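Here's the structure, in C-alpha cells; my notes come after.
What follows is calculated from the coordinates using simple rules that are stated; it is not laboratory data. Only a predicted model underlies this, so the values are computations on that prediction, with no experimental measurement involved. Every residue, glycine among them, receives a Cβ derived from its backbone with ideal geometry; neighbour counts consider all protein chains shown.
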Amino acid sequence: PVIRREDYQPPLWLVDHIRLEFDLDAHATRVKARLSVTRAGRHDRPLRLDGDGLVPLSVAVDGKALSPADWRLDDDVLVIALPGNAHEVETEVQIAPATNTQLMGLYASGGLLCTQCEPEGFRRITFFPDRPDVLSRYDVTMRADKATYPVLLANGDPVEQGELPDGRHWARWVDPYPKPSYLFAMVAGDLACNADSFTTMSGRAVRLGIWVREEDLPRTSHAMTALKNSMAWDERVYGREYDLDVFNIVAVSDFNFGAMENKGLNIFNSRYVLADPETATDPDYDAIESVVAHEYFHNWSGDRVTCRDWFQLSLKEGFTVYRDQCFSADMGSAAVKRIEDVRTLRAAQFQEDAGPLAHPVRPESYMEISNFYTATVYNKGAELIRMIALLLGPERFRQGTDLYFERHDGQAVTCEDFVKAMEDGGGIDLGQFRLWYSQAGTPRLTVRQRYDPASGSLSITLRQTVPPTPGQPEKAPMAIPVKFALFDPATGEHGGEELVVLTRDQLEMRREGFAQAPVLSLNRGFAAPVIVEAEQSAQDLAFLAARDDDPFSRYEAMQQLMINGLLAHISGAPLESDVIIDSIRRTITDPTLDRSFVAEAVRLPSEAYLGDQMQVVDPDAIHAARERLMTGIGEALESEWRALHAECARNGFSLSADARAARKLRGVALSYLVASGAPDGAALAFGQFDRADNMTERQAALAILVNRETPERDQALAAFYRRYAGNALVVDKWFQTQALAFHPDTVEIVQALAGHADFTLANPNRARALYSAFAANQWAFNRADGKGYRMVADAIIALDKLNPQTAARLVPPLGRWRRFDGARGAMMRAELERIAATPGLSRDVLEQATKSLA
Ligand code: ARG
Ligand code: ZN
C-alpha cells in the first residue's frame, strides 16, 4: 500500500470540536470521545474514523446508541453512515498503555503514562480522522488514581480539577487553538516541577513548567534557561509571541526520537532535558538548548501553521530546524555552529541522498510515513530555507515570514504555500528554486579556473550535475547560490565576497586585475548544500587554511588538505604530512583564533566522511591511513599537544565559552598526544579521566582509552560504570563509547554488551546507544568477516517485534552495500534479504529493507 502525494484529497468530514474523557489505568484505560462532525462539501460518503488496534465498546450518534449493524470496521477504520450534515459522534474504547511497546499512542514509561501521536499515533488512542488537515478544538478530562498519578497534564490551559471517590482525582484541560490530532498530548504521573515564568512582549505572563522525576529536578535549569531564551528570541527575530497561559515540558525516558512539539505540552526524551556538569557533556548541553528551542519554535512553525499532509513535513521541520540553528548560532559561536551543522548534513543527509533511500525534501510517495522523518526532510529542508534567506536578505526574509504566518495562521498548508508567501512577501521569483523541493540527490559543482598572466584575468567555469536517484533518472539544472571570493596571495586579502546564482548547467565568469593567480574560496559559509569538486593545490589549501576570513571555508580548506593527503596515501602514494602538520601548527599557535574553532579545524575528518570521498569504501585502508596520520601529527607536534593539554586545564567548572572551548581543545590535544605513542599517553588519559570535574573531559578521556587494550582501559570502564550505574543517560554513554571504539574486537565487545544486565532493546536510547553507534563505526561495522552486519540484522529483527519505528532506523547502514566491495556488498544484501523475508515484519522495516535492496 503506497500513499502518493498526487492522490491528496481534502477531508470529507471535519471535526470542529472533540471532547475526550480518560479513565486512566496502565493496563486498562477507558477512552470516551465525543466528536462534533460536519460534512465538508456536498457528498453522500460515510464518516470514516481511523483506528489502529481499537475495538469500539460503544458507538452513539446524537445521543443514541448505534447497534453494531449501523457501523462497521473496514480494516481498522470505523465507518458510520450519517444522514445529516452535522452530528455528535461518540465512541468508547479500552486500551492498554503498559503493553504498548511501540511507544506510539498512549504508553507507560517509568511509572508515567504519556502520549506520542505524530504522525499517526492518535488513532491508537481513539477513533478519529487522524490526518493533519483536520483541525479541532480539544476539551480533555483525565481521571486517575491520585497516589500513582498525582499530576495530570494535557494541551492548552488547565480549567478545572477535583477529587473523586476511591482515591481518584480528575483534571480538565481546554486548548482554545484548533489543532490536528498529531499535536494531542497528555501525561499522568508522579512528577516534580521546575516552575518559572516568562512575560511576553505584549505583557502576557506565561507559567513555565519542566516536569521530571523528583531526583532529576536539579538537572533542569539549563533547559529552563534555553526555553526562556527561545521565547525571547522568537519575539525578537520573528515577531512571534507565545499564546497560552502555560507552557509545559515533560521529560520521559522511553521515547522514539528527540522530542515532540504538542501544543502547550512538549514531551521530551529525557536526554534533551537533563544536564549537570557531572553527567552531561558540552555537546549534550548544546543539544538540549537546540531541541528545547526547536520544539518551542514549532508553536508557530508547526502548530499555529501546520502541514496539510505528511508529504509537506519539511514545511514545519525544515523551517524549524533552520530557526533552531540560527538561534544556537546567536547563543554561541556562529562559526562553530555552522561547521557542526554542515558536518551533520554531510554525515547523514549526503549519505542518504547518495543511496537507495534517497528522496526529495518533499517526498512523492511512502509506505510508512514514520520512515520519512529523515535528514533530507529535516536538515536538507533547513538548507533550503537558509538559501531562501540568503537570496532575500534579512529584511525581505522577515517580510516573507511575516506574510507566511499572517496568511496561514490556523491553517494546514503546503511547502508551495510557504514558497509563495516568501515570493509575495519578499518580492522575489523562486520559480526554478522550487526544484530543490522536488529533485533528490546532492548536486555536484565542478570548478575550472584559468589564469592568464598576460591580461591578469581569471576565468572561472562552474558546472553542475545532479545525480540520478531512485525514480528520478534525469534531473533539470537547479538554482544554486554560490558565494565566493578571490584572494591575492601576495596581500592575503580578497576584493570582496560575491554571490552568483548558477541556474544552468554551466556558468562562465571572468574577473580582471590579478598580478598573480588568485586563490579561490568557494561555497563560502557552505551557502549551498552541494558537493564541490575543485582541484586545489596543497599550497592553495594551506593558504586558505591560514588566511580565509570565512571561518567555514577556512575549516573546509584544512579538512580538504587532510582528506587529499589521506586519499592519496590510500591509493598508494607515500603519506605527505608536512603541509598538514605546518597548517595545524600554525592554527594551534594562532592567538587570534577562537579555541573552539581551532579544535574543529585541527581534528581529522571521520572515517565515514573519508569513505564518502571514495569510489569504493575501503574501511581497513581508511582506518590504517587515518591512524597513521594521527600518529604523525601527534609525534611532530608532541610538545605542542602536551603544552595545550596542560594549558587548557581549568580549576573549577564553568560553562563560559572560554571554558567550553578549552575542554574541547584539551580533548583533541589528548587524542593526538596518545596517538603519538608517548609512553605516558595512557597514564595522562587516565589522569584526565579520573580527576575530571565534568563529563566532557571524563568522557573524552574514556573515548580515547577504549581504543587500546591497556590496563587503564579496563580500569576506566569499570570505574565509569561503578560511578554512574543507575543513571540511565550516563550508562547509555558507557555502552555508546564502547560501540564507537577503534578496537579490533569491537564486534565481540558489542555482542557481549548486548548480554549485559543493563542492556534492553525496549528502551530506544539504550538500543541506539549500542547498535546505532556500532553501525556508525565504519571500521568495526564493516569488518570483513560480516559479523557486524549479522549482529545488526539480528537486532533489527528482534527489535521490530517491539518497536518497528526504532528498528527501521537501523536499516539504512545495511543499505549502503553498493558503496563497498563485492564481498562486503553481498553479505550486506544477504542480511537485508533475511530481514525482508522475516514473517510478520512491520511495514516500517519492510519498506526500508526492500527499498535498500532495490
Ligand atoms: N515533530 C517532532 C520534532 O521534530 C518529531 C516527531 C518525529 N516523529 C517520528 N515518527 N519520527 O520535533
Ligand atoms: Zn521538529
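A few notes on this one:
- Fewest-first ordering of K32, K851 by other beta carbons within 10 Å of each residue's beta carbon gives K32, K851.
- Across the stretch 191-204, coupling constants 3J(HN,Hα) worked out from phi with the 6.51/-1.76/1.60 Karplus curve, θ = phi - 60°, read 10, 9, 10, 8, 9, 8, 8, 9, 9, 6, 4, 9, x, 7 Hz, and Gly and Pro carry x.
- The distance separating the Cα centre of the stretch 468-518 from that of the stretch 279-343 comes to 29 Å.
- Charged neighbours of C117, selected by a Cβ distance under 10 Å, balance to -1 (K, R count +1; D, E count -1).
- Positive dipole terminus of the stretch 33-172, leading residue within A69, M142, L103 (C-beta point charges): A69
- Tilt relative to the chain, helix 394-408 - C-alpha long axis, 0 to 90 degrees, to 10: 20
- Close amide H pairs (under 5 Å, H built 1.01 Å from N) link R137 with H17, I18, K179, residues at least 5 positions away or on another chain.
- Once you reduce the stretch 587-610 and the stretch 624-685 to the center of their Cα atoms, the two points are 12 Å from each other.
- Ignoring aspartates and glutamates fewer than eight residues from K146 along the same chain, the ones with Cα atoms less than 13 angstrom from its Cα are D23, D25, E163, D166, D190.
- Modelled FRET efficiency - R0 41 Å, T465 with A573, Cβ distances, 0.05 increments: 0.90
- For the pair D590 and A515 in one chain, pulling the backbone fully straight at 0.36 nm per residue adds 24.1 nm over the alpha carbon distance.
- Local electrostatic count, R829, Cβ distance below 15 Å [Lys/Arg +1, Asp/Glu -1]: +4
- Separation between Cα centres of the stretch 736-756 and the stretch 168-230, rounded to whole Å: 39
- Rounded, prolate or oblate (a/c below 1.5 giving rounded, otherwise prolate when a/b exceeds b/c) for the stretch 338-460 by Cα gyration tensor: oblate
- Between A454 and E493, the modelled label-to-label distance comes to 3.0 nm, taking each label 7 Å out from Cα in the direction of the beta carbon.
- Neighbour net charge for H623 - beta-carbon separation under 12 angstrom, K R +1, D E -1: -1
- For K64, the lysines whose Cα comes closer than 24 Å to its Cα, not counting residues fewer than 8 places off in the same chain, are K32.
- Mean Cα-pair separation over length for the chain, i.e. relative contact order, pairs under 8 Å, 6 or more apart, %: 8
- Here the calculated FRET efficiency for S221 and D658, from their Cβ-Cβ distance with R0 = 25 Å, stands at 0.75, rounded to the nearest 0.05.
- Farthest toward positive dipole pole in the stretch 498-645 [+1 Lys/Arg, -1 Asp/Glu at C-beta], among V598, A557, I633: V598
- Modelled label positions at S639 and R407, each set 7 Å beyond Cα in the direction of Cβ, lie 6.5 nm from each other.
- Between amide H atoms placed 1.01 Å from N, distances below 5 Å from N100 occur with A108, all of them 5 or more places distant or on a separate chain.
- Those lysines that a straight Cα-Cα span of less than 27 Å connects to K380, excepting residues fewer than 8 apart in one chain: K179, K263, K316, K337, K420, K475, K483, K851
- In degrees, nearest ten, helix 681-691 long axis to first principal axis of the chain (Cα): 40
- Of all DSSP beta bridges in the stretch 158-261, antiparallel share, percent nearest 5: 70
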